[in-house]
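Written out below as C-alpha coordinates is the structure these notes cover.
The values are calculated or read from the model by the stated rules, or taken from the named source; none is laboratory data. What you see is a predicted model; the values in this text were computed from it and never measured. Note that we place each Cβ from the backbone using ideal geometry, even for glycine, and neighbour counts take in every protein chain shown.
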Amino acid sequence: MVVPTALSFGGVSLLAVLTMTGALLLLGLLWPGDGSRQIDWRPTRSPEQEAIDEIDDVQQMLNATNARRRRRGAPDLDEDAIGLQLAAEREALRAWAERRAGAGHDGEDGA
(Lines give C-alpha, C1' and ligand atoms only; values in the text may rest on other atoms or scores of the structure.)
Protein backbone atom coordinates (compact mmCIF):
# COMPACT_ATOMS: atom_id res chain seq x y z
CA MET A 1 0.00 0.00 0.00
CA VAL A 2 1.35 3.43 -1.01
CA VAL A 3 0.74 6.30 1.40
CA PRO A 4 0.69 9.77 -0.29
CA THR A 5 3.06 12.20 1.32
CA ALA A 6 2.65 15.90 1.88
CA LEU A 7 5.28 16.52 -0.79
CA SER A 8 3.30 14.74 -3.47
CA PHE A 9 0.09 16.52 -2.43
CA GLY A 10 1.90 19.86 -2.50
CA GLY A 11 3.41 19.05 -5.89
CA VAL A 12 0.04 18.15 -7.38
CA SER A 13 -1.55 21.26 -5.89
CA LEU A 14 1.22 23.49 -7.24
CA LEU A 15 0.92 21.88 -10.66
CA ALA A 16 -2.86 22.47 -10.65
CA VAL A 17 -2.48 26.13 -9.71
CA LEU A 18 0.22 26.71 -12.33
CA THR A 19 -1.85 24.97 -14.99
CA MET A 20 -4.93 27.07 -14.22
CA THR A 21 -2.90 30.29 -14.13
CA GLY A 22 -1.25 29.44 -17.45
CA ALA A 23 -4.59 28.59 -19.04
CA LEU A 24 -6.12 31.89 -17.92
CA LEU A 25 -3.13 33.89 -19.14
CA LEU A 26 -3.21 32.11 -22.48
CA LEU A 27 -6.95 32.71 -22.78
CA GLY A 28 -6.42 36.40 -22.04
CA LEU A 29 -3.73 36.71 -24.69
CA LEU A 30 -5.59 34.83 -27.40
CA TRP A 31 -9.11 36.16 -26.84
CA PRO A 32 -10.08 38.89 -29.36
CA GLY A 33 -10.69 42.40 -28.10
CA ASP A 34 -9.46 44.19 -25.03
CA GLY A 35 -11.82 42.77 -22.43
CA SER A 36 -14.05 45.82 -22.07
CA ARG A 37 -16.61 44.26 -24.41
CA GLN A 38 -16.77 41.09 -22.34
CA ILE A 39 -17.67 42.99 -19.18
CA ASP A 40 -19.71 45.64 -21.04
CA TRP A 41 -17.54 48.48 -19.71
CA ARG A 42 -17.94 52.04 -20.93
CA PRO A 43 -16.38 55.19 -19.51
CA THR A 44 -18.69 57.05 -17.16
CA ARG A 45 -18.00 60.38 -18.88
CA SER A 46 -16.94 61.38 -22.36
CA PRO A 47 -13.56 63.07 -22.90
CA GLU A 48 -15.43 66.31 -23.61
CA GLN A 49 -17.22 66.08 -20.26
CA GLU A 50 -13.91 65.35 -18.52
CA ALA A 51 -12.43 68.54 -20.06
CA ILE A 52 -15.45 70.58 -18.95
CA ASP A 53 -15.17 69.16 -15.42
CA GLU A 54 -11.45 69.97 -15.32
CA ILE A 55 -12.09 73.59 -16.34
CA ASP A 56 -14.83 73.86 -13.69
CA ASP A 57 -12.45 72.47 -11.05
CA VAL A 58 -9.79 75.04 -11.91
CA GLN A 59 -12.37 77.84 -11.78
CA GLN A 60 -13.60 76.66 -8.37
CA MET A 61 -10.03 76.58 -7.03
CA LEU A 62 -9.38 80.07 -8.39
CA ASN A 63 -12.60 81.37 -6.82
CA ALA A 64 -11.67 79.85 -3.44
CA THR A 65 -8.16 81.31 -3.65
CA ASN A 66 -9.53 84.76 -4.49
CA ALA A 67 -12.03 84.60 -1.62
CA ARG A 68 -9.16 83.86 0.76
CA ARG A 69 -7.05 86.65 -0.78
CA ARG A 70 -9.94 89.14 -0.45
CA ARG A 71 -10.30 88.29 3.27
CA ARG A 72 -6.69 89.21 3.88
CA GLY A 73 -6.85 92.31 1.62
CA ALA A 74 -4.77 90.99 -1.30
CA PRO A 75 -5.83 91.59 -4.90
CA ASP A 76 -7.65 88.87 -6.84
CA LEU A 77 -5.77 86.58 -9.18
CA ASP A 78 -6.85 85.78 -12.70
CA GLU A 79 -5.48 83.30 -15.22
CA ASP A 80 -3.20 85.92 -16.80
CA ALA A 81 -1.68 86.87 -13.43
CA ILE A 82 -1.10 83.21 -12.59
CA GLY A 83 0.52 82.68 -16.01
CA LEU A 84 2.87 85.62 -15.44
CA GLN A 85 3.74 84.37 -11.95
CA LEU A 86 4.43 80.88 -13.32
CA ALA A 87 6.63 82.29 -16.10
CA ALA A 88 8.63 84.30 -13.55
CA GLU A 89 9.11 81.27 -11.31
CA ARG A 90 10.20 79.14 -14.28
CA GLU A 91 12.72 81.79 -15.30
CA ALA A 92 14.07 81.97 -11.76
CA LEU A 93 14.41 78.19 -11.67
CA ARG A 94 16.17 78.16 -15.07
CA ALA A 95 18.59 80.87 -13.91
CA TRP A 96 19.27 78.98 -10.67
CA ALA A 97 19.96 75.78 -12.62
CA GLU A 98 22.36 77.62 -14.94
CA ARG A 99 24.21 79.19 -12.00
CA ARG A 100 24.42 75.81 -10.32
CA ALA A 101 25.68 74.09 -13.47
CA GLY A 102 28.24 76.85 -14.00
CA ALA A 103 29.50 76.53 -10.42
CA GLY A 104 30.30 72.85 -10.98
CA HIS A 105 28.04 71.34 -8.35
CA ASP A 106 27.92 67.56 -8.48
CA GLY A 107 24.28 67.13 -7.43
CA GLU A 108 24.55 67.81 -3.71
CA ASP A 109 22.55 70.75 -2.45
CA GLY A 110 24.97 73.21 -1.02
CA ALA A 111 22.42 76.05 -1.11
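Please work out if A74 is part of a helix (DSSP H, G or I) and surrounded by 10 or more Cβ atoms within 10 Å (Cβ to Cβ). Please lay out each step first, then the result.
Numbers: part of a helix (DSSP H, G or I): no; surrounded by 10 or more Cβ atoms within 10 Å (Cβ to Cβ): yes.
Spelling it out, it is not the case that A74 is part of a helix (DSSP H, G or I) and surrounded by 10 or more Cβ atoms within 10 Å (Cβ to Cβ).
Would you please list the contacts, defined by Cβ atoms under 8 Å and residues six or more apart or on different chains, that run from a residue in segment 32-47 that is on the phi < 0 side of the Ramachandran plot to a residue that is of a type in the set (A, V, I, L, M, F, W, C) and at pLDDT 75 or above?
Pairs that qualify, where the first residue is on the phi < 0 side of the Ramachandran plot and the partner is of a type in the set (A, V, I, L, M, F, W, C) and at pLDDT 75 or above, are Q38/W31.
Yes/no matrix, rows are residues, columns are (1) modelled with pLDDT under 90; (2) in a helix (DSSP H, G or I); (3) of a type outside the set (V, I, T):
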site	(1), (2), (3)
G10	yes, yes, yes
L18	no, yes, yes
A23	no, yes, yes
I39	yes, no, no
A51	no, yes, yes
D56	no, yes, yes
L62	no, yes, yes
A88	no, yes, yes
